[in-house]
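First up is the structure itself, then whatever we jot down about it.
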């Protein structure tokens, strides 16, 4: 067993409940932890025995393009989509953060953590 960790992926996207967020957009950060059996790739040193993190990034990028009103919904969509890419995935934890959310004051980020 092992973990694949993709950290601090940043995207400009149009997620949010308020109409202004859907028009203006904002900065988002995504972190992914995938629990999976990495023993075959560790032994073979072959990419075809591993989950390709560039493919994972591309799939997340494609999900980030599709607007969601809630980060909870977006995190679930990302998780469900990643499960379809490999039957060997045991668990996925996705953290989606909205940077500088519109709360009427200073806040670095709001995050949703979703695990399945």
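In table form, for the structure just shown:
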item: Hits in region 1-11 (condition: at pLDDT 95 or above and either closer than 30 Å to residue 70 by Cα or assigned to a loop (DSSP other than H, G, I, E, B) (or both)); result: 3, 4, 5, 6, 7, 8, 9, 10, 11
item: Inter-residue pairs, beta-carbon under 8 Å, first free of Cβ contacts under 8 Å to residues at least 40 places away in the same chain and in region 92-116, second exposed (fewer than 14 other Cβ atoms within 10 Å of the Cβ) and part of a loop (DSSP other than H, G, I, E, B), 6+ apart; result: 107/100; 108/100; 110/103
item: Number of the exception - residue 26 against (1) touching a residue at least 60 places away in the same chain (Cβ under 8 Å); (2) within 14 Å of the chain's Cα centre (by Cα); (3) surrounded by 15 or more Cβ atoms within 10 Å (Cβ to Cβ); result: (2)
item: Flag for residue 106 being exposed (fewer than 13 other Cβ atoms within 10 Å of the Cβ) and under 14 Å from the mean Cα position of the chain (by Cα); result: no
item: Residue match in region 12-21 (condition: exposed (fewer than 13 other Cβ atoms within 10 Å of the Cβ) and modelled with pLDDT of 95 or more); result: yes
item: Lone unmet requirement of (1) surrounded by fewer than 17 Cβ atoms within 10 Å (Cβ to Cβ); (2) out of contact with any helix residue (DSSP H, G or I) (no Cβ under 8 Å at 6 or more places or on another chain) for residue 71; result: (1)
item: Wholly within region 18-96, helices (runs of 4 or more DSSP H) carrying at least 3 residues that are out of contact with any strand residue (DSSP E or B) (no Cβ under 6 Å at 6 or more places or on another chain) and within 15 Å of residue 116 (Cβ to Cβ); result: 71-83
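Yes/no matrix, rows are residues, columns are (1) surrounded by fewer than 13 Cβ atoms within 10 Å (Cβ to Cβ); (2) at negative phi; (3) modelled with pLDDT under 95:
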{"position": "58", "(1), (2), (3)": "yes, yes, no"}
{"position": "64", "(1), (2), (3)": "no, yes, no"}
{"position": "101", "(1), (2), (3)": "no, yes, yes"}
{"position": "111", "(1), (2), (3)": "no, yes, no"}
{"position": "115", "(1), (2), (3)": "yes, yes, no"}
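The values are calculated or read from the model by the stated rules, or taken from the named source; none is laboratory data. It should be emphasised that the depicted structure is a prediction, and the values quoted were computed from it without experimental measurement. Backbone-built Cβ (ideal geometry, glycine too); neighbour counts: all protein chains shown.
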